[in-house]
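Take a look at the structure below.
The values are calculated or read from the model by the stated rules, or taken from the named source; none is laboratory data. Just so it is clear, the model here is predicted, and its values are computed rather than measured. Quick reminder, even Gly has a Cβ in these numbers, built from the backbone with ideal geometry, and neighbours come from all protein chains shown. Side chains included, ligands, DNA and RNA excluded: accessible areas come from the protein's heavy atoms. Shrake-Rupley method; radii C 1.70, N 1.55, O 1.52, S 1.80 Å.
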Amino acid sequence: RRLVGDSLGELYVPDLGDFVPVDGCDDLYRQTAVDACAAARSQVDDCCNALGDAGETCDAYEEACVTDGCIDASLAADASEIDTRVSIFTDMVDTLCAENDPLTPMLDPATLVVDETAEDAIVETQGDPFASLCVSGVATFDWDEMMTTSGAAKPEVVAFNMDVDDSDLSLNIEVALTYEGRSSADDNGEVYGTTYVLDFEDFDAHEDSIALPGTCQNRNADDFAGGDFDLFWDYPLNPINDVGSAAYLAYPPPDSVYGAWSVSMADADQCGVVVYTGKFTWNDLVSCEDYSSTTNYVTTVDDDVAGKLSLQGTFYINVVSPYAASGDFGYYRVYQLLSQPFVISVNKNIQVLGAAGINLFTISVIAVYKEDGAS
């Protein structure tokens, strides 16, 4: 079901009959991962106890070690993949407990927030070891609770602005969104990747593909070509430096074919708010279409009687996760955050008839407005 107008917040749930999502952790490797991560925990237990949060941080890291280690081993059919996750686990704890660690003042248990899904480690150092760390965790949410429970955590549009520059008839968009990591669903213990889709067409939960974006979407198909579907959902834990990197495709390089997107973190919060800005000229907007170039997203209306030319379209923001925690089954979980129709209307002043019989005219802006979602 496609979401339009003021019908916001509805989740497309496909009828899959007897389909059951695949557990990415093969039982063949599960106990090996549990034992290896438990052994690693025992080696750093003194440090875990010294953190002052009753071991909650290390519990989360150990859970992540087990989950990721088992999935990695299952995908590669190689138990040695678990060792990599064990090393990440112990390195994380060692970083937190290093002598004279600049993070020490921040580890007050009253303020420490741990990513409960623990799919990925909360703290990651790159470049300057303490230049930008998600010490307060990365936002997560549950798809079922978001739909059924009032006040449940969910992705949010923190701020939104849309206007038109009269000088070049460009549509300018600025949107601030909560920075999301993983999500959960179906009470199955699995974790799901999460990304934002910004486009001039709604994201269809079955017909669209995250790897085949429209020409004006906040991503480019070239960055996804030939890639592993599971890697399309990785997000950076050092986002000030890495958001918009091809290494983390949950927040990919915003290289649309037409127009210009940019992405950055809000200065006030290292890991809390991500900001997208976009600029689309009139010509960019009329070129916005789906990946296969079969559907134009924006419509031009030429009213010769009134002497007006209008450009009409709708801007959408959707949060998207794969339907299954591991693997591409052609379905997605989709929640629409925003649906904003717009119209750019200009006045045509006929000045001269060209030699080929074509009317040449100048354009002056007479109206730019956002339509009410119900109109």
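Using the beta-carbon distance between ASP204 and ALA39 and R0 = 56 Å, what value does 1/(1 + (r/R0)^6) give for FRET efficiency, to the nearest 0.05? Each step should come with its number before you reach the end.
Details: r = 46 Å, r/R0 = 0.83.
After rounding to 0.05, the efficiency reads 0.75.
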### Query
Counting pairs of alpha carbon atoms under 8 Å apart in space and at least six apart in sequence, what relative contact order in percent does the stretch 253-324 give?
18 percent
### Summary
Phi-derived 3J(HN,Hα) across the stretch 307-322 with the Karplus relation (6.51, -1.76, 1.60, θ = phi - 60°), rounded Hz, x for Gly and Pro, is x, 10, 10, 10, 10, 10, x, 9, 9, 10, 10, 10, 9, 10, 9, x
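Nearest 0.05, what FRET efficiency do ALA306 and ASP187 give at R0 = 56 Å with Cβ-Cβ as r?
That gives a FRET efficiency of 0.50.
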### Task
At 7 Å along the Cα-to-beta-carbon direction for both ASP166 and LEU231, put a label point, then send me their distance in nm to one decimal.
4.9 nm
### Task
Just order 294-305, 80-91 by mean Cβ neighbour count inside 10 Å, highest at the front, would you?
80-91, 294-305
### Task
Determine which residues of the stretch 308-324 fall in the zone a paramagnetic label at ALA221 would reach in this model, i.e. backbone nitrogen under 13 Å from the point 7 Å along Cα→Cβ.
none
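Which value, in Å², gives the accessible area per residue of the stretch 164-230 when a 1.4 Å probe is used on the protein heavy atoms?
Values: 2190 Å² over 67 residues.
Per-residue accessible area for the stretch 164-230 comes out at 33 Å².
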### Query
Which of rounded, prolate, oblate describes the stretch 127-239, given a ≥ b ≥ c as roots of the alpha-carbon gyration tensor eigenvalues and a/c under 1.5 marking rounded, otherwise prolate only if a/b is larger than b/c?
rounded
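Round to a whole number: what % of the accessible area of the stretch 226-287 belongs to carbon and sulfur, probe 1.4 Å?
49 percent
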### Summary
Residues whose modelled amide H sits under 5 Å from the amide H of GLU190, counting only those 5 or more places away in sequence or on another chain, are ALA185
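Using DSSP to define loop residues, name the GluC sites (Glu not before Pro) in the stretch 164-258 whose beta-carbon has at most 15 other beta-carbon atoms within 10 Å.
GLU207
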#### Entry: Extension gain (nm, one decimal) between VAL343 and THR149, 0.36 nm per residue minus Cα-Cα
66.3 nm
### Summary
Packing-ranked peptide list from 224-235, 314-325, 337-348, highest mean Cβ count within 10 angstrom first, is 314-325, 337-348, 224-235
### Task
Figure the gain on full extension for ALA77 and THR277 (residue separation times 0.36 nm, minus the Cα-Cα span) and round it to one decimal in nm.
67.8 nm
